[in-house]
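Trainee: For reference, the structure I am asking about is given below.
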Amino acid sequence: MIQTNEQALVKRFLRQRDEISFRELYRCHSSALYALALRLCDSNADAEDALQNTWIRAAASLAAFQWRSSLRTWLTGILINCVRESKRKRERQAEEQIPDNFPAPAARSALDGISLENAIANLPSGYRQVLVLHDLEGYTHEEIGALLEISPGTSKSQLHHARRAIRALVLVGEQHHERF
């Protein structure tokens, strides 16, 4: 039922460039896409940029969408690509501007502890993407493999390592908190 309604909205948007149809699609999917972007990105601004770029690309490519998956899955794939491209761009820029002196890491208060969201944010990108897509968004390893262009076995392995890292980070945070 939802997909049929989405197909009608997409057809109307493509045929008439109907802003109302596009707004309805945007309204249906943006909150979930933004929540995912927040988990995959390093800042709110990066998440907002990724969401905006996702919709720009989706509007440009919507005519080629073949409905082999849900619209949400297709949009998620675009979002993941936008996040990856943004991170690669920032990494290239950072490499070009290597500072002469490196700032000392920010001191953490003993009372801060580490939240689950902070632990997820501190995971390496590949681990974070698989963990968020599997455990928080409910995608299967096969779907994750297709979205991230990795094998389902790699997805399973990265999920295992991500969960182990999360446990270690949370445990260290709890032990650190108990000492004070």
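Conditions tested, residue by residue: (1) surrounded by 10 or more Cβ atoms within 10 Å (Cβ to Cβ); (2) at pLDDT below 95; (3) of a type in the set (Asp, Glu); (4) not assigned by TED's automatic domain parsing to the domain that holds Leu169.
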residue: Ala50; (1), (2), (3), (4): yes, no, no, yes
residue: Trp67; (1), (2), (3), (4): yes, yes, no, yes
residue: Ser70; (1), (2), (3), (4): yes, yes, no, yes
residue: Glu85; (1), (2), (3), (4): yes, yes, yes, yes
residue: Ile98; (1), (2), (3), (4): no, yes, no, yes
residue: Pro103; (1), (2), (3), (4): no, yes, no, yes
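Trainee: Take the residues of segment 110-127 that are hydroxyl-bearing (Ser, Thr, Tyr) and at pLDDT 85 or above: which is nearest to Lys156 (Cα to Cα)?
Mentor: Across segment 110-127, the extreme among qualifying residues is Tyr127.
Trainee: Where the second residue is exposed (fewer than 15 other Cβ atoms within 10 Å of the Cβ) and the first is under 18 Å from Glu143 (Cβ atoms) and lies in segment 53-75, which pairs have Cβ atoms under 8 Å and are six or more apart or on separate chains?
Mentor: Here the result reads Trp67/Gln3; Trp67/Gln7; Ser70/Gln3; Leu71/Gln3; Arg72/Ala32, each pair linking segment 53-75 to a residue that is exposed (fewer than 15 other Cβ atoms within 10 Å of the Cβ).
Trainee: To continue, here is another question. Tally the residues that are in contact with a helix residue (DSSP H, G or I) (Cβ under 7 Å, 6 or more places away or on another chain), surrounded by fewer than 20 Cβ atoms within 10 Å (Cβ to Cβ) and in a helix (DSSP H, G or I), restricting the search to segment 129-140.
Mentor: Matching residues across segment 129-140 total 1.
Each row is one residue, and each column tells you yes or no for (1) over 13 Å from the mean Cα position of the chain (by Cα); (2) surrounded by 17 or more Cβ atoms within 10 Å (Cβ to Cβ); (3) part of a loop (DSSP other than H, G, I, E, B); (4) of a type in the set (Gly, Ala, Ser).
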{"site": "Ala32", "(1), (2), (3), (4)": "no, no, no, yes"}
{"site": "Ala35", "(1), (2), (3), (4)": "no, no, no, yes"}
{"site": "Ala47", "(1), (2), (3), (4)": "no, yes, no, yes"}
{"site": "Thr54", "(1), (2), (3), (4)": "no, yes, no, no"}
{"site": "Ser61", "(1), (2), (3), (4)": "yes, no, no, yes"}
{"site": "Thr76", "(1), (2), (3), (4)": "no, yes, no, no"}
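Trainee: Go through (1) touching a residue at least 40 places away in the same chain (Cβ under 8 Å); (2) surrounded by fewer than 15 Cβ atoms within 10 Å (Cβ to Cβ) for Glu19 and report which single condition fails.
Mentor: Single failed check for Glu19: (1).
Trainee: Out of curiosity, is Lys89 modelled with pLDDT of 75 or more, of a type in the set (D, E, K, R) and within 28 Å of Glu48 (Cβ to Cβ)?
Mentor: Details: modelled with pLDDT of 75 or more: yes; of a type in the set (D, E, K, R): yes; within 28 Å of Glu48 (Cβ to Cβ): yes.
So Lys89 passes the test.
Trainee: If you don't mind, another one. Just to be sure, is Leu25 surrounded by 19 or more Cβ atoms within 10 Å (Cβ to Cβ) and over 12 Å from Val83 (Cα atoms)? Write out each step before concluding.
Mentor: On the way: surrounded by 19 or more Cβ atoms within 10 Å (Cβ to Cβ): yes; over 12 Å from Val83 (Cα atoms): yes.
Yes: the conditions hold for Leu25.
Trainee: Right, next: Specify which of the listed residues (Ala107, Ala94) is modelled with pLDDT under 80 and surrounded by fewer than 10 Cβ atoms within 10 Å (Cβ to Cβ).
Mentor: Sole residue among the options that is modelled with pLDDT under 80 and surrounded by fewer than 10 Cβ atoms within 10 Å (Cβ to Cβ): Ala107.
The values are calculated or read from the model by the stated rules, or taken from the named source; none is laboratory data. Worth saying up front: this structure is predicted, and the values here are computed from it rather than measured. A quick note on method: Cβ atoms are made from the backbone with ideal geometry, for glycine too, and the neighbour counts reach across all protein chains shown.
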